[in-house]
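First up is the structure itself, then whatever we jot down about it.
Read-outs: derived from the displayed coordinates by stated rules, not from any lab. The structure displayed is predicted, hence computed values, not measured ones. Because the Cβ atoms are built from the backbone with ideal geometry, glycine has one as well, and the counts that use them run over all protein chains shown.
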Amino acid sequence: MSDDGVNHTRRRLIGLTAGMGAVGGAFVAWPFLASWVPSARAKAAGAPVEINISKLEPGQMLSVEWRGQPAWILNRTPEMLDKLPGMVDLIVDPDSLESIQPDYAKNKTRSIKEQYLVLIGICTHLGCVPLTKLKPGLAEGMEADWRGGFFCPCHGSKFDLAGRVYKNVPAPTNLVVPPYHFATDTLIVVGVDPSMSIHGAEGAKNMNKKMKENLSGSKG
Ligand code: FES
């Protein structure tokens, strides 16, 4: 139990479970997850996590564990994306200038492909796991003017559908976007930047460069 009376470890575990539950009744997550969960040793070392999103329907979200933290992937609908520009006046850092994300996610949707939002599901206030409240208003037990996003029950921080923090709540910055890339259209790898990927042309170039460096080093 922490000083502020919140058991963060427990909240994180609850959050991981709750994130899975948010996927929705028709989407059976656990069998799907079993194919990519890395070994305990790999997880301890902070190994990248591959997530097959081929069955993640628009409006659905899944949560995986990366480096002991929940990493969220939300498949945003066009309606969800349409709400983002109208949030600007409600948000502390709408352009993510003071928040943590890779450069390739420092944009209006905080993502590589605007449809898919990838976040670390840890509140930037004191580290609780926010609740997923994707639907607007009363449908999620929120105020009538709620536009969908994430709500941290520990001290009341609210985040929009790009993980951007509302004004007048304790969390200081937007939810963190981890390094990630698309290995294919349906495979996201969390934990590796696109430039470091072994997938794709840029990754192949990097790998070739490294191999040449190694070879020239071994000759010397
Ligand atoms: S941990 Fe305090 S509002 Fe989230």
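Which numbered condition in (1) within 19 Å of PHE182 (Cβ to Cβ); (2) surrounded by 21 or more Cβ atoms within 10 Å (Cβ to Cβ) is the only one that SER157 fails?
(1)
For GLY163, only one of the following conditions fails: (1) over 15 Å from the mean Cα position of the chain (by Cα); (2) assigned to a loop (DSSP other than H, G, I, E, B); (3) within 15 Å of the ligand (Cβ to nearest atom); (4) of a type outside the set (A, V, I, L, M, F, W, C). What is its number?
(1)
Please find, within region 113-150, the residue that is farthest from the ligand (Cβ to nearest atom) out of those that are acidic (Asp, Glu) and over 17 Å from ASN168 (Cα atoms).
GLU114
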